[in-house]
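Here's the structure we're looking at; comments come further down.
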Amino acid sequence: MITQFLKDIPSNELELNIQKMNALIEYCKDEESDELILISKNGMYHENFTNTNKPIAINSLTKVFAGTAIGLLIDEGLISSLHTPISTYFSNLKNTEMSEITLWHILTHTSGIHTDGHDNELSAAPNIAKYVLALPITDKPGTVSKYNNEAVGLLSEIVRTITGKTIDQYLNEKLFIPLGIKDWEWLKDQSNNPYAYAGLSLKGIDLAKFAYLHLNDGVWNGQQIITKHWIDMATHPTQSINRNWGYLWLTAYVEDVYIGYGMSGFGGKYLLVSPKENFIAIRLVHRRDPIPAPSADLFFKLAIDIIK
């Protein structure tokens, strides 16, 4: 099955709406994309517009890899529950206003930790975890949904506390090596901790492997890499505050009917997975300032139109 997935075929052999596919391809050309990958049950269409052979920064798409690290730790029994308070890993938080925050709150963007709405100060901090733990709480945990780079930034230190390995080392062992992902990069703070909210760079084909692993219920070449149970939980609505969020994945709908999930990264890095339709769409681009980023909404609309 993996061999079939890796088979690069012409777009007209995917058995998808060719007119709508061409609209997405033209959009990607017009927006100066580097890579477009479309996958159906028949195989993969891979357009490398610029013949790039370097990993591309996926920015906030990094978050779903950080979330996957937590899922793997759950599967291994190294985390007993997502409702574990983060004070378990940061003992100085006990009896503070952050003591109510759990892993679940971080994965669902409901931690209540102050966020600037960008990562300028966060990424400049010598130690991400220390910076975030010094921030105030602006909302009671579990009451407000707010996209939060700062809170997600704590996951890297949490993984290191649990495993004794940095999050990139842990994911390399548990995810990248099993999937044959060899050419990757991950930005780190001055304390040598990788950014959990951004910073990972991958080639399009390797992001496609990660997406296909999810489409295939966590199985790769007969090996269960991550449980189907975790994937199902992570990629479906997790809360009543904002049903768009799974565990750092965004859920996708057509006319109020769930069709799958995805995520976007600043600068035009997009991923959509639709299990029902056996469909994956990926668009990657090396950021070229001052060219403005294309609309994420338009990419997802064009991609979803193909399978509607």
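The values are calculated or read from the model by the stated rules, or taken from the named source; none is laboratory data. As the structure is a prediction and not an experimental result, all values here were calculated from the model. Every residue, glycine as well, gets a Cβ built from its backbone with ideal geometry; the counts of neighbours run over all protein chains shown. Only protein heavy atoms, including side chains, enter the accessible area calculation; ligands, DNA and RNA are left aside. Shrake-Rupley method; radii C 1.70, N 1.55, O 1.52, S 1.80 Å.
Couple of notes before you dig in:
- Amide H partners (placed H, <5 Å) of Phe49, local residues excluded: Glu35, Leu36
- Highest average first, the peptides 297-307, 94-104, 45-55 ordered by how many other beta carbon atoms sit within 10 Å of their residues are 297-307, 94-104, 45-55.
- Per-residue ³J(HN,Hα) for region 250-260, Karplus 6.51 cos²θ - 1.76 cosθ + 1.60, θ = phi - 60°, Hz, x for Gly and Pro: 8, 8, 10, 9, 10, 6, 6, 10, 4, 10, x
- Note on the chain: GNM, Cα springs under 10 Å; of His118, His286, His109, the largest mean-square fluctuation is that of His118.
- For Val254, nonlocal amide neighbours, meaning residues 5 or more places apart or on other chains whose placed amide H falls under 5 Å from its own, are Ile259.
- Surface composition of region 1-125: carbon plus sulfur atoms contribute 44% of the solvent-accessible area (1.4 Å probe, protein chains only, all chains present).
- Region 134-174-region 1-80 distance, computed between alpha-carbon centres (Å): 25 Å
- For Lys174, a cut-off of 12 angstrom between C-alpha atoms picks up these aspartates and glutamates, skipping any fewer than 8 places away in its own chain: Asp75, Glu76.
- Using a Gaussian network model of the chain in which every pair of alpha carbons under 10 angstrom is joined by a spring, one finds that among Tyr247, Tyr261, Tyr170 the greatest mean-square fluctuation is at Tyr170.
- For region 160-308, the square roots a ≥ b ≥ c of the C-alpha gyration tensor eigenvalues yield an a/c of 1.5 or more together with a/b not exceeding b/c, which makes the shape oblate.
- Radius 13 Å from Cβ of Ile86, net charge of other residues (Lys, Arg +1; Asp, Glu -1): -3
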